[in-house]
């Protein structure tokens, strides 16, 4: 699944902005996961920050340009009205904490599953992490 940033919305100020440290208008992003809670949708993508860290962003900022659902995705149920579509291998409650803590096994799993998504997406259009 691939998306393109069409606008930047600051959730803290509730205002639209021209620039962001995390997003670039017009840039395409590989979707790492999708979280749906009640009436809101967030895409987890690799941010534009210098560390290229994953981050969740409100879907209102994007248009979907590839609807391909990666073969490694599954549904992770959460609380009432909450679920996430993500690689099944990431569905443990502590996966993201372990990644951000630099756990080698979690990071290997992150890159393995991200590479699967990138390879599948390349069949629908060229995509590389910049």
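The values are calculated or read from the model by the stated rules, or taken from the named source; none is laboratory data. Because the structure is predicted, anything quoted here is derived from the model rather than measured. Note that each Cβ is placed from the backbone with ideal geometry, even for glycine, and that neighbours are counted across all protein chains shown.
Taking the condition of being exposed (fewer than 15 other Cβ atoms within 10 Å of the Cβ), out of contact with any helix residue (DSSP H, G or I) (no Cβ under 8 Å at 6 or more places or on another chain) and on the phi < 0 side of the Ramachandran plot, how many residues in the stretch 93-117 meet it?
Pass one, the stretch 93-117, residues exposed (fewer than 15 other Cβ atoms within 10 Å of the Cβ): 93-94, 97, 100-102, 104-105, 107-108, 111-112, 115.
Narrowing further to those that are out of contact with any helix residue (DSSP H, G or I) (no Cβ under 8 Å at 6 or more places or on another chain): 93-94, 97, 100-102, 104, 108, 111, 115.
Imposing the further condition that a residue be on the phi < 0 side of the Ramachandran plot reduces the set to 93-94, 97, 100-101, 104, 108, 111, 115.
Result for the stretch 93-117: 9.
Looking at the structure I just gave you, is residue 79 outside any helix (DSSP H, G or I) and surrounded by fewer than 17 Cβ atoms within 10 Å (Cβ to Cβ)?
Taking the combined requirement at face value, the residue satisfies it.
Restricting attention to the stretch 19-40, and to residues there that are at pLDDT 90 or above and part of a loop (DSSP other than H, G, I, E, B), which single residue is surrounded by the fewest Cβ atoms within 10 Å (Cβ to Cβ)?
Top of the filtered list is 26.
Quick one: residue 9 ticks every box in (1) in contact with a helix residue (DSSP H, G or I) (Cβ under 7 Å, 6 or more places away or on another chain); (2) assigned to a loop (DSSP other than H, G, I, E, B); (3) over 26 Å from residue 120 (Cα atoms) except a single one, so which number is it?
Residue 9 satisfies every listed condition except (2).
For the stretch 41-69, give me each residue that is closer than 26 Å to residue 101 by Cα and assigned to a loop (DSSP other than H, G, I, E, B).
Residues satisfying the conditions are 47, 48, 49, 50, 51, 52, 53.
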